[in-house]
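First up is the structure itself, then whatever we jot down about it.
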Amino acid sequence: VPRDPSPPDQLPPERLPPERLPPERLPLERLHPVGLHPDRLFPAEPAVRSLARALFEGIADLPLVAVHGHVDPGMLLADEPFADPSSLLVSADHYVLRILHAVGVPLGDVGRGEGGRDPRAIWRIFCARWPAFRGTATRLWLEHELVELFGVELPLSARTADASYDVIASCLARPEYRPRALYARFGLEVLSTTDGADADFAAHRALQAAGLAVVPTVRPDALTDPTRGDWRATVDRCGLASCADLVAYVAAARRRSVAVGAVATDHGHRWPGAEDLGPREAEVLFARLRREGEPDAGEAERLARHLLLQMAVLALDDGLALQLHPGVQRNHDRPTVARFGPDSGSDFPVPVNFTSALRPILERFGNEPGFRLVVFTVDETAYSRELAPMASYYPGLYLGAPWWFLDAPDAMARHFAATAESAGYAKLSGFVDDTRAFCSIPARHDVARRSIAAHLARLVAEHRLTFDDAAAVARDYAYDQPRSVYRRP
Amino acid sequence: VPRDPSPPDQLPPERLPPERLPPERLPLERLHPVGLHPDRLFPAEPAVRSLARALFEGIADLPLVAVHGHVDPGMLLADEPFADPSSLLVSADHYVLRILHAVGVPLGDVGRGEGGRDPRAIWRIFCARWPAFRGTATRLWLEHELVELFGVELPLSARTADASYDVIASCLARPEYRPRALYARFGLEVLSTTDGADADFAAHRALQAAGLAVVPTVRPDALTDPTRGDWRATVDRCGLASCADLVAYVAAARRRSVAVGAVATDHGHRWPGAEDLGPREAEVLFARLRREGEPDAGEAERLARHLLLQMAVLALDDGLALQLHPGVQRNHDRPTVARFGPDSGSDFPVPVNFTSALRPILERFGNEPGFRLVVFTVDETAYSRELAPMASYYPGLYLGAPWWFLDAPDAMARHFAATAESAGYAKLSGFVDDTRAFCSIPARHDVARRSIAAHLARLVAEHRLTFDDAAAVARDYAYDQPRSVYRRP
Amino acid sequence: VPRDPSPPDQLPPERLPPERLPPERLPLERLHPVGLHPDRLFPAEPAVRSLARALFEGIADLPLVAVHGHVDPGMLLADEPFADPSSLLVSADHYVLRILHAVGVPLGDVGRGEGGRDPRAIWRIFCARWPAFRGTATRLWLEHELVELFGVELPLSARTADASYDVIASCLARPEYRPRALYARFGLEVLSTTDGADADFAAHRALQAAGLAVVPTVRPDALTDPTRGDWRATVDRCGLASCADLVAYVAAARRRSVAVGAVATDHGHRWPGAEDLGPREAEVLFARLRREGEPDAGEAERLARHLLLQMAVLALDDGLALQLHPGVQRNHDRPTVARFGPDSGSDFPVPVNFTSALRPILERFGNEPGFRLVVFTVDETAYSRELAPMASYYPGLYLGAPWWFLDAPDAMARHFAATAESAGYAKLSGFVDDTRAFCSIPARHDVARRSIAAHLARLVAEHRLTFDDAAAVARDYAYDQPRSVYRRP
């Protein structure tokens, strides 16, 4: 069976005139710099583009309100230079690793697992696979970082790998590329971290003393989600003898976080269900789950629901916004997780329904002044079907920004279009970046600000919103709304 | 932790030049009127916009076929002047109440519950919260009503509240703003109401004698959906001793409605499932559910399925179109419902699947001449996955117009794009407005007609449809199709 | 109740001036030919359209890689002239029959069932219902075939039925319209068929000897999916006494297909679940299911999962790509299927979830070099929620092209937008046409190539991708990617 036709271009490359040469064969000095087009992500229609540009200009330079994320405060505290381009931009970013892995790169070759790889070798592998990132949000962020932060304007490729590596490495050696200098350069107004219930927040206190508004966020999943594999060990380690103990322990951690400026907690339960079992049944379940080697999945799930509801009880008291990030099956590829650890790229969404699941929380707390539940989802179907309708009724419910796989321009356009028509914009939490990749924070806010501007520009062009109204919404989304939703009353 | 940066605009408002003043500080007489742009909701690209405009012009003035809705016929019969702007446009419209509630307005403050609030005070609250409606379909409708019906062109705000209130109130005092005068002004060709199985349709008869084509629609949910809390009481009140009795009772109501011009029935079951249990099992279930204080949810659901199938049996006989509005969890916020009653804004969608659920009806009746099942959904995922494929096969199945939270421009665009490619346009029921807000009917048809024109204009511009074909489809959607789907054979 | 207003155009047609005549009353010679606009399916905005045109030009003439489909190899082997326009374009195409049926045409009137109808009569019925196809992908394909293949440029209608029939019929009588001549004309580089596990592939061998690259694809559902009604009979017919026998039988069929150039197998299980039960439990289930008249649905489903996993075991060994087409409820309208057989239009999608279901395959084989699982879905919700995230991690997982009801321009635009931002383009399988309608193959590739060009043009216009990158992606999607995903390692 003939499966190998003659190649589409009959001339061998060496005989092609330069203007017909594919980019990978052009001399380096003739390669067109990527740059960052000032109109990137704006709709092509000229009138809409002008509107988008004007709306974006009104918000482009607002400070960054990074009220949810996973940056390590210890990195800011130490303020050491970043080691090298690869550990900064490749090996520690599971968005990048995921795509490299998907096109056949073993994780061990790009810095995961033991046996340190040469960072330049990792960078070469990454650059050679750059075409696999076409069209992804990750590529948009990386291009922003390369150009804005490091001045790397040539497109990455096997040929440009060493040159780009050297440029970035020489930047990283300079004091203005240390973490705290970047913090200042990024225009961060506040940076929230993610912390266990046993954290002492010493790093946050020290950073605040040094003038950095870094605040903690307690994420007590290892205690409040008994469906996790590490629940029993965590309960034991914390010396918790009862469900009441557990709740008191988390309550204390929350109070400690408040004292250091925390504005929210975070909860990554697999399902969003909440339910008040009452103290007696909760203790029975707690005791049984703590005892058993192989806990019953249904019982663990029930106690998780009970504990999520207790978090709402505490939130009403301590005023912390309750963030919910449900619907993810973590560590899907167990053999790889066993070898390389969690956050190696195999966490995947599952369908999730909120209407019935959140009722026990919303009926009881959703109308209480000061209570704020911010719900994120990686299941887009819930936007128009469940979350926008409910947020357009319950004063305490807010729609979190498009999360994770959905933190991308087209997905954001779908998010706005699916939620605003029933909930308006007042019930969106505004943008949060949710990253552990410190250098990607400005890029992520830039993409989000361009995306809301693009969305609103269309509405103005279609005479559905005045320009002034659109400008107010854009500013709310980029800045005022996260400041007001993530506050303590 | 510093959380209060200096405000973005450094100049205090009193020192800003007038052209830089935000609208809320402009003198009233300099405020730009909102008006209604003639090209609103049309795509921005000039060629597509021209096509949309031309397509819309062909359907803009067609009579309104309002074959599904919840307007009170008693209101038309009494023909009293509307009391005041707030009771007309705010307190009775759960779309409006919902959003006010979502931004923290207690329902008691805007006219729900006992203890009549001053309507002007309600109007002020509403106007002050006008920014919360940005981007919503409700705001589009209200702007249409304010401008077209009442000549209120200034944007609503706390400052314009009294002025707009006075304009509307003075309109309402005039005879041309009485219900029947508006009925004529709106260009209604027919107006369907929603009626219980015990209705006598006297109002409809009187209105028809007066020349208004107001026809009833029996919605027998309180009898045919035993999962409802009021089922047992309704069965008792109607003196129904058996399932056969119940079906006969509903059949009689349907026949009575036919005699007054009805063209359809309506069914709001939570799930769309249908199943023929046979008379023996149906009676056993009926007896058990009637007896028990706490009916078994599974059994109630089974009898609901049986009764929905009986509605199809009756429809084949009496020729009424069978409308199905499933997939809503009613009265989600029980404490609020207990205080303010149903329809206070907390009815929310749940996922719903149709392929298996509708099989017993479609296999048996879907190919029968004269049988028409019109299915609505607030779960968009069913459009391309289930409803369009099935409607593109079964002659008796029609896709209802985007419903409730989805009755909005972007959601309509998604609806058309998700259904037409597999089902074509011939299997859409055409637009129905589904409102209890009488004055919003023209606005809702206007938005829908603009939306179908916008959708079709894109297809013409992309050379997927000729202009003549698009014009025919637009006319079908706006006028001919609802007249032909909602008819008696 | 007045339900019959005067018609919208007050002048009777005979008194209308010709330019106002509706097309159905224009003299035939004045009817505007449909033609095929060179810019069809490209976005209207001029700059984006230019980009789309340029991108399309780069791929328009690439050979067709038809690596998945249902064309009968016997038809090509016999190479007989096609009988008539109706049997070629109407009666054998369930996409066409479905829509005719949906608007009330009995299947028996258009060539299904016994009692051969006059093909010209069928063609007249089809042409009279042509408006029902407006907006559908099927109409786009048919217009392409009519114009490109047969030179029929007048829009179909009752009036043009005979003329178009005659033109097509006279074409079909000519040697250049025989199947093999069309194969050459279509520019097919390879054509995959769909074959049972008992096929001998003699037709494929003969066609290959004649220079046609027609290769088989084993689809062993009748053996590997015990939930099917014909499973027991098929197992008996093949003389299979055990589950091990069954797997060995399929393995042998796969090897035979490899010898004739096969590159993949295909699996249409209702659910995508896979699970390794181990040999002992598999044999117990096999024995029980083979014995019972009414097999237990849960047990049949479990064995189906086990057998799907065995297919992955075999795929790793023989290097065939594993195609999965789940989530369809076949033969929904049982009375019609009983009368007219399967593939009469009543196969409909159901919701389907992949994250948990595919884990046993992906964990075990998804990282293995050479293993390729290509997943198709008719449930769009899985694109951004499950399939793109998983394909962006597992090197062995590829996203199949939009399938069936989703093989249409708007659905393809949604597909690209929902998958590329997280998975990139490198994890798409590229376009496959999946048709049994031989003459529609070029049309389907044309629509797909225009759709990817339209999608990428937008990204270039929004400065999210360079033109060169977009051109490379377009070529991959249209040609290189299916060749590389559907290969043997």
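The values are calculated or read from the model by the stated rules, or taken from the named source; none is laboratory data. No experiment lies behind these values; they were computed from the predicted model shown. Methodologically, a virtual Cβ is constructed for each residue, glycine included, from the backbone with ideal geometry; neighbour enumeration extends over all protein chains shown. What goes into the accessible areas is simple: the full protein's heavy atoms, side chains included, and nothing from ligands, DNA or RNA. Shrake-Rupley method; radii C 1.70, N 1.55, O 1.52, S 1.80 Å.
If you average 1/r across every pair of different Cα atoms in the protein assembly as shown and take the reciprocal, what Kirkwood value do you get, in Å?
34.1
Hey, can you rank B:256-266, B:395-405 by average C-beta count inside 10 Å, highest first?
B:395-405, B:256-266
Note down the net charge around residue A:173, summing +1 for each Lys or Arg and -1 for each Asp or Glu among other residues with Cβ under 13 Å from its Cβ.
-2
How many Å² of accessible surface get buried when B and A come together, counting both sides, probe radius 1.4 Å, rounded to the nearest 100?
Heavy-atom accessible area buried at this interface is about 4300 Å².
Relative to 2.2 N^0.38 Å, what does the C-alpha radius of gyration of the stretch A:331-461 come to as a ratio? Two decimals please.
So the Cα radius of gyration is 1.17 times the expected 2.2 N^0.38 Å.
As a test of the definition: which semi-axes, in Å, follow for the stretch A:32-109 when you take the square root of five times each eigenvalue of its alpha carbon gyration tensor? Largest first, please.
Listed largest to smallest, the semi-axes of the stretch A:32-109 are 33, 22, 12 Å.
Please give the FRET efficiency for residue C:236 paired with residue C:206, using the beta carbon to beta carbon distance and R0 = 22 Å, rounded to the nearest 0.05.
Plugging the Cβ-Cβ distance into 1/(1 + (r/R0)^6) gives 0.15.
As I understand it, the value is the acute angle between the Cα axis of helix B:297-318 and the longest principal axis of the Cα atoms of chain B; what does it come to in degrees, rounded to 10?
Long axis of B:297-318 versus the principal axis of chain B: about 90 degrees.
At residue A:318, label 7 Å along Cα→Cβ: distances to the other copies, nm, ascending?
Computed spacing set for this position: 6.0, 6.0 nm.
Taking the Cβ of residue B:437 as the centre, find all other residues whose Cβ is under 10 Å away and add up their charges (Lys, Arg: +1; Asp, Glu: -1).
Result for the neighbourhood of residue B:437: -1.
Quick one: Kirkwood hydrodynamic radius for chain C, alpha-carbon pairs, angstrom, one decimal?
Final number for the Kirkwood radius of chain C is 24.3 Å.
How many angstrom lie between the Cα centre of the stretch C:47-83 and the Cα centre of the stretch A:169-233?
Here the two parts' Cα centres lie 55 Å apart.
Between beta-carbons, use under 11 Å as the cut-off and find the net charge around residue A:258, counting Lys and Arg +1, Asp and Glu -1.
Summing Lys/Arg as +1 and Asp/Glu as -1 gives +2.
Would you mind telling me the antiparallel percentage of the DSSP bridges in chain A, rounded to 5?
Roughly 10 percent of the beta bridges in chain A run antiparallel, per DSSP.
Can you compute the FRET efficiency between residue B:60 and residue B:487 using 1/(1 + (r/R0)^6), with r the Cβ-Cβ distance and R0 = 22 Å? Round to the nearest 0.05.
0.40
Of the accessible area of the protein assembly as shown, with the probe set at 1.4 angstrom, what percent is carbon plus sulfur?
52
Compute the longest continuous run of chain C that contains no exposed GluC sites (Glu not before Pro); treat a site as exposed when its DSSP state is not H, G, I, E or B and it has at most 14 other Cβ atoms within 10 Å.
The longest such stretch corresponds to C:293-489.
What is the helix-to-structure angle for A:278-291, meaning the angle in degrees between its Cα long axis and the longest Cα principal axis of chain A, kept from 0 to 90 and rounded to the nearest 10?
Taking the Cα atoms of chain A, the angle to A:278-291 is about 60 degrees.
To the nearest whole number, what is the average tally of beta carbon atoms from other chains within 10 Å of the beta carbons of peptide B:460-470?
That average works out to 6.
Against the longest alpha carbon principal axis of chain B, how many degrees, from 0 to 90 and to the nearest 10, is the axis of helix B:161-172 turned?
The angle comes out at about 50 degrees.
Can you work out the accessible area per residue across the stretch A:277-428, with the rest of the protein chains kept in place, probe 1.4 Å, in square angstrom?
Result: 27 Å² per residue.
Over the stretch A:64-218, what is the mean sequence separation of C-alpha contacts under 8 Å (at least six apart), divided by residue count, expressed as relative contact order in percent?
Relative contact order, the stretch A:64-218: 37 percent.
At a Förster radius of 35 Å, what calculated FRET efficiency corresponds to the Cβ-Cβ distance of residue C:296 and residue C:368, to the nearest 0.05?
0.55
Please give the average number of partner chain Cβ atoms lying within 10 Å of the Cβ of each residue in B:342-350, rounded to a whole number.
For this peptide, the per-residue mean of nearby foreign Cβ atoms is 5.
Output, in nm with one decimal and in ascending order, the distances from the residue A:237 label point to the matching label points of the other copies (7 Å from Cα along Cα-to-Cβ).
Going from nearest to farthest copy, the values are 6.0, 6.0 nm.
Can you tell me what share of the DSSP beta bridges in the protein assembly as shown is antiparallel? A percent to the nearest 5 is fine.
Rounded to the nearest five, the antiparallel share is 10 percent.
Quick check on chain A: helices-only [θ] at 222 nm, where DSSP H runs of length 4 and up contribute -39,500 (n - 2.57) each and the sum goes over total residues. Nearest 500, please.
Roughly -12500 deg cm²/dmol at 222 nm, from the helical runs in chain A.
Over chain B, what is the relative contact order in percent, taking alpha-carbon pairs closer than 8 angstrom and at least six residues apart?
Computed value for chain B: 20 percent relative contact order.
Averaged across the residues of C:406-412, what count of C-beta atoms belonging to other chains lies within 10 Å of each residue's C-beta?
If you average over the peptide's residues, the count of other-chain Cβ atoms is 5.
Output, in nm with one decimal and in ascending order, the distances from the residue A:148 label point to the matching label points of the other copies (7 Å from Cα along Cα-to-Cβ).
4.4, 4.4
At 4 °C and 1.567 mPa s, grab the translational diffusion coefficient of the stretch B:194-292 from Stokes-Einstein with a Kirkwood Rh over Cα pairs, rounded to a whole number in µm² per second.
Rounded, D is 89 µm²/s.
If packing is taken as the average number of other Cβ atoms within 10 Å across a peptide's residues, how do B:86-96, C:327-337 rank, most packed first?
My ranking of the peptides, most packed first, is B:86-96, C:327-337.
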